[in-house]
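**Student:** Quick one: the structure is below, questions incoming.
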Amino acid sequence: MQVSVTFRHMEADERVKDHVEEKVRRLQKYIENQREMHVVLSAEKFRHSAELIIVGDGITLNSQGKDRDLYTAIDQMIEKMDRQIRERRGKVKRKRGNPITLEMTFREEENNVEGSEETETPPLVRKRRILAKPMTLDEAVAQLKISKEDFLFFINSDSGQMNLLYRRDGGYDWMEPSPK
């Protein structure tokens, strides 16, 4: 990947350009599919600023460093970009998780219980977002009684965990996760 360095309101210096390229190349191993890396170095009176723009597949990252010393401004710019890249990678890792949804797992278990030997792909799973409010079990039972739904997800205010309450045979079943 080519790194372009632009100088504004200052003379182009090969030492500075080499320093910037060396620092920016360290970041390249953390970024997948980057298309363009552009560094803009500028001077305004006594303050130097360094700005880095990285354009990749669907993302644009931008960082800026300002200081009296040009090399310190470049280091600030690199530190900020490094932090952005680490945060972004952490978010991507957290989002990936387990791609199999809970409903698909239940349907697979139901098929196994029935003893069917079908190897068909599971039907499309409809996704709904449900607001889970913190409440006690008694409040959840009262809420389910007045609602038209057959189930209610809630956050148990005693344990702080997600719980499920659903109607069954004239009564209610309550599910609470446990580690064992």
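**Student:** Could you tell me whether the range 102-120 includes any residue that is of a type outside the set (D, E, K, R), on the phi < 0 side of the Ramachandran plot and either at pLDDT 75 or above or assigned by TED's automatic domain parsing to the domain that holds Val20 (or both)?
**Tutor:** Looking through the range 102-120, none of the residues is of a type outside the set (D, E, K, R), on the phi < 0 side of the Ramachandran plot and either at pLDDT 75 or above or assigned by TED's automatic domain parsing to the domain that holds Val20 (or both).
**Student:** Can you pull out the residues in the range 32-50 that are crowded, with 18+ Cβ neighbours inside 10 Å and within 21 Å of Arg89 (Cα to Cα)?
**Tutor:** Within the range 32-50, Met37 is the sole residue that qualifies.
**Student:** Would a scan of the range 12-19 turn up a residue that is in a helix (DSSP H, G or I) and among the basic types (Lys, Arg)?
**Tutor:** Yes: one or more hits.
**Student:** Restricting the range 18-66 to residues that are over 18 Å from Val5 (Cα atoms) and over 25 Å from the mean Cα position of the chain (by Cα), which is modelled with the highest pLDDT?
**Tutor:** Among those residues, the one meeting the criterion is Arg47.
**Student:** Let me ask something else. Do you know which residues across the range 119-141 are touching a strand residue (DSSP E or B) at 6+ places or on another chain (Cβ under 9 Å) and either farther than 13 Å from Met175 by Cβ or small (Gly, Ala, Ser) (or both)? Don't jump to the end; show me each part of the working.
**Tutor:** Going residue by residue through the range 119-141, those that are touching a strand residue (DSSP E or B) at 6+ places or on another chain (Cβ under 9 Å) are 130-137, 139-141.
Answer for the range 119-141, where residues must be touching a strand residue (DSSP E or B) at 6+ places or on another chain (Cβ under 9 Å) and either farther than 13 Å from Met175 by Cβ or small (Gly, Ala, Ser) (or both): Ile130, Leu131, Ala132, Lys133, Pro134, Met135, Thr136, Glu139, Ala140, Val141.
**Student:** Please count how many residues of the range 142-152 are hydrophobic (A, V, I, L, M, F, W, C) and either in a helix (DSSP H, G or I) or more than 16 Å from Gly170 (Cα to Cα) (or both).
**Tutor:** Residues that pass the stated criteria total 3.
The values are calculated or read from the model by the stated rules, or taken from the named source; none is laboratory data. Please read these numbers as outputs of a predicted model, since none were measured by experiment. Heads up, the Cβs are rebuilt from the backbone with ideal geometry, glycines too, and the neighbour counts pull from every protein chain shown.
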